[in-house]
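Have a look at the structure below before the remarks.
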Amino acid sequence: MMKNVTLPGGEKVPALGIGTWMMGERASARKEEAESVRLGIELGLTLVDTAEMYGEGACESFLGEALAGLRDKVFLVSKVYPHNASRTGVIAACERSLRRLKTDRLDLYLLHWRGSVPLEETIAAFEHLKSQGKIRHWGVSNFDTDDMEELQETPGGEGCAVNQVLYNLTRRGPEWDLLPWLEKHDVPLMAYSPIEQGRIKTAGVLAELAAKHNARPFQIALAWVLRNPNNIVIPKASRPEHMRENAGARDIALDGDDLAALDKAFPPPNRKRSLEML
């Protein structure tokens, strides 16, 4: 079942996409990783996320090859380093990313995390790239609630389309105030490392719910992040069989009892916590 999330401008994107952190860095794995990405796109996971930081450009170059012939089917996301986030730095970094990705545009371009460059300067560069057709939307990553409030008050800041943050069953801090803030302002949350890079404890409740839903424990963890209609989820799958598993998470509908059991095993926050990063 295809689930979509609506961006602030009204465009719909898949709620379940593909993360690529650490892909394209080992020659021995490239062929299987490329097969996995192409299978994901075939299965409807057409939002693909990368960054100039990943392998210092190696991941973007890998995707430039893996997406050959498929670019127009994909909603392509990349990110700019904070130290490249100046008015001229963003534009130069974007051009490099476009060359590596073998494309003429990014669908979404994110500031990877907060740095020392004033937000106003970064936004101006993003808007310039938009006016040139080099990017279609821009957003941020690893921004906590106070960062989002500052962004909203910065000229042009209301143009932010997404905030990509670390969010999964073991990292529920954003639920305290960031998720409510994003929902109030109609800014989707894009969850990276939604299964904690495979480290979420699968014994116990996840295994029990997997048996109940005829699924795998990691699929339950993904279905949990997908439960919120404002969330975009970008798990990585280096192997085709894992990509197929990820896609299957869309078909799992967790009921009230399931969610209560997960809350008991992975308690929601009871106070404000600083936003975590990996």
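The values are calculated or read from the model by the stated rules, or taken from the named source; none is laboratory data. Quick caveat: nothing in here was measured; it's all calculated off a predicted structure. Backbone-built Cβ (ideal geometry, glycine too); neighbour counts: all protein chains shown.
Consider region 82-95 and keep the residues that are touching a helix residue (DSSP H, G or I) at 6+ places or on another chain (Cβ under 7 Å) and under 28 Å from residue 233 (Cβ atoms). The one that is surrounded by the most Cβ atoms within 10 Å (Cβ to Cβ) is 90.
The residues listed here are 159, 133; of these, the one that is modelled with pLDDT of 95 or more and at positive phi is 133. Return yes or no: is residue 167 closer than 30 Å to residue 263 by Cβ, at pLDDT 95 or above, touching a Gly at 6+ places or on another chain (Cβ under 9 Å) and crowded, with 16+ Cβ neighbours inside 10 Å? Answer is yes for this residue. Take the conditions (1) part of a loop (DSSP other than H, G, I, E, B); (2) surrounded by fewer than 17 Cβ atoms within 10 Å (Cβ to Cβ); residue 244 misses just one of them, which is (1).
Just to be sure before I move on: is residue 278 assigned to a loop (DSSP other than H, G, I, E, B) and either farther than 30 Å from residue 10 by Cβ or of a type in the set (Phe, Trp, Tyr) (or both) in the structure I sent?
Yes; evaluated as a whole, the condition is true for this residue.
The residues in region 260-276 that are farther than 25 Å from residue 146 by Cβ and among the acidic types (Asp, Glu) can be counted, and the count is 1. When region 101-152 is filtered for residues that are surrounded by fewer than 19 Cβ atoms within 10 Å (Cβ to Cβ), in a helix (DSSP H, G or I) and not polar (S, T, N, Q), the ones remaining, listed by number, are 120, 121, 124, 127, 128, 130, 146, 147, 149, 150.
Take residue 39 and decide whether it is in a helix (DSSP H, G or I), touching a residue at least 24 places away in the same chain (Cβ under 8 Å) and within 17 Å of residue 250 (Cα to Cα). Yes. When restricted to residues that are in contact with a Ser or Thr (Cβ under 6 Å, 6 or more places away or on another chain) and either farther than 19 Å from residue 73 by Cβ or in contact (Cβ under 8 Å) with a residue 60 or more places away in the chain (or both), region 11-35 contains 3. Pairs linking a residue in region 142-171 that is touching a residue at least 24 places away in the same chain (Cβ under 8 Å) to a residue that is crowded, with 21+ Cβ neighbours inside 10 Å and among the charged types (D, E, K, R), with Cβ atoms under 8 Å and 6 or more positions apart or on different chains, are 164/49; 164/79.
The condition (being surrounded by fewer than 18 Cβ atoms within 10 Å (Cβ to Cβ), closer than 29 Å to residue 185 by Cα and among the hydrophobic types (A, V, I, L, M, F, W, C)) is satisfied by just one residue among 278, 222, 262, 226: 278.
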